[in-house]
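Chemist: Submitted below is the structure of interest, expressed as structure tokens.
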């Protein structure tokens, strides 16, 4: 065993850890967990913990079901919300086959494989997510509208605000787990919050997002409220996004920075954006994977609906933020499509693959969008060559099914299962009779 594994085993004794939760993520982005006793951990490091892969969404077929979860010692953390009794820790796992080979169905491996391809070109991929979510007074009931915990708005400071108390406790818990928070505030919708995580390499960020969603739900339940990352829970209030700032580094140098260039954005940065824009329709099914995701992208505002880029233009799909003087390392681009209900491993893998394809193919960045895209007429958008993002999950699936980039990035197993699952979701949704139909038609037809 290595130093990291030895450190974990010592920490188990010193912190009186009695339970270790091994975490991994299924293809749809739902967290899975198995608890092991500390005495079993040394064996888990060497051989992994066996489980039935066919019981996990998208992992294996019945005749190839045996899989192993091998804990990653670098992700060891004590769970700060388990304060009643002995300590409980967690580690993320890599999923492997019985012969020790990586499982091609493991979303974490999909991202690690994509990061390795970028590393072969000399690049490290960094991400910084701004995660929005809603807080409700109680567990949402079927057929009933959820009730937000407050009626506050963007950046509001409200006396004795439940949202402010919630954010303070959640951030304290996140920091205790080694997840650094940059900002937090009330968002535009009633009960809507935003917490921004600090820049980190994309794999650490994806792990942090999975931990973040768990912490947020735990804190909410402890306070007798409910947290939801649903992209668009209300018809008339803003949806929840996960705007993500991204950059590539070559060693210690920001590959997106070029002194004196327009917006201080290098050719590498411009080609990366061009790749993301060019492949945006193909990867939408991953960055926005639910039927509900497209309700958020439908009406503009802070959510993009068109494939555009702009400098400090919040109606654009990709935004180039204002340059900070003497801070070339902070040069980055912001992707505004991603929502917080995605599988972060697959979403970041798809974004990186699209950007790297733009660099490899030396794609030219299209004309910058200087206007509020939503204020333009359809004819004006067409004359400017501005194309829409997929309008529905069905449209996103149809485009993705023809995507060589997505098939190569996700791998055959994940690509096949993911799209079959999304197709089934769309068919289920398509057959549902909605409250809108009943309200509009029953009284008059």
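Each reported figure results from applying straightforward, stated rules to the coordinates on display, with no laboratory input. This structure is a prediction, so every number in the text was calculated from the model and none was measured. Every residue, glycine as well, gets a Cβ built from its backbone with ideal geometry; the counts of neighbours run over all protein chains shown.
Chemist: Say R0 is 25 Å: what FRET efficiency, to the nearest 0.05, do residue 423 and residue 151 get from their beta-carbon distance?
Modeler: Plugging the Cβ-Cβ distance into 1/(1 + (r/R0)^6) gives 0.05.
Chemist: Using 0.36 nm per residue, how much length does the chain from residue 412 to residue 391 gain when fully extended, once their Cα-Cα distance is taken away?
Modeler: My answer for the length gained is 5.0 nm.
Chemist: Could you tell me what percent of the DSSP beta bridges with both partners in region 3-104 are antiparallel, to the nearest 5?
Modeler: 75 percent
Chemist: How far is it, in nm, from the label point at residue 299 to the one at residue 84 when both lie 7 Å from their Cα along the line to the Cβ?
Modeler: 4.1 nm
Chemist: For the chain, just the Cα atoms, rotate onto the principal axes and tell me the three extents in Å, largest first.
Modeler: Principal extents (Cα only, largest first): 67, 57, 50 Å.
Chemist: Using 7 Å Cα-to-Cβ label points, what is the residue 176/residue 188 separation (nm, one decimal)?
Modeler: About 3.5 nm, to one decimal.
Chemist: Take the Cα of residue 327, step 7 Å along the line toward its Cβ, and report every residue of region 243-269 whose backbone nitrogen sits under 20 Å from that point.
Modeler: Within reach of a label on residue 327, which here means backbone N under 20 Å from a point 7 Å along Cα→Cβ, region 243-269 contributes 243-250, 252-266, 269.
Chemist: Further question: Gain in length, residue 361 to residue 3, computed as 0.36 nm per residue apart minus the alpha-carbon separation, to one decimal in nm?
Modeler: 124.7 nm
Chemist: Then there is this: Multiply the residue separation of residue 312 and residue 40 by 0.36 nm, subtract the distance between their alpha-carbon atoms, and state the gained length in nm to one decimal.
Modeler: Taking 0.36 nm per residue and subtracting the Cα distance, the gain is 92.7 nm.
Chemist: For region 3-104, what is the relative contact order in percent, using Cα pairs closer than 8 Å and at least 6 residues apart in sequence?
Modeler: Relative contact order for region 3-104 comes out at 29 percent.
Chemist: To make sure I understand, if each residue's beta carbon is the centre and we count other beta carbons within 10 Å, what order do 126, 348 fall in, fewest to most?
Modeler: Listed from fewest to most nearby Cβ atoms, that is 126, 348.
Chemist: So how do 369, 375, 330 line up by other beta-carbon neighbours within 10 Å, fewest first?
Modeler: Placing the least packed residue first, the sequence is 375, 330, 369.
Chemist: Can you tell me which of 86, 146, 388 moves the most in a GNM of the chain? Springs connect C-alpha atoms under 10 Å apart.
Modeler: For the chain, modelled as a Gaussian network with Cα springs under 10 Å, the answer is 86.
Chemist: Rounded to whole Å and ordered largest first, report the semi-axes of the equivalent ellipsoid of region 3-104 derived from its Cα gyration tensor (root of 5λ).
Modeler: 25, 15, 10
Chemist: Also: When 1/r is averaged over all different Cα pairs and the result inverted, which Kirkwood radius in Å belongs to region 330-378?
Modeler: The answer is 13.6 Å.
Chemist: Here is a further query. Measure off 7 Å from each Cα along the Cα-to-Cβ vector at residue 368 and residue 383, then give the distance between these two points in nanometres to one decimal.
Modeler: Placing both labels 7 Å beyond Cα along the Cβ direction yields 2.2 nm.
Chemist: Using a Gaussian network model on the chain with a 10 Å cutoff between Cα atoms, which of 433, 36, 219 fluctuates the most?
Modeler: 433
Chemist: How high is the relative contact order of region 113-436, in percent, with contacts defined as C-alpha pairs under 8 Å that are six or more residues apart?
Modeler: Over region 113-436, the number comes to 19 percent.
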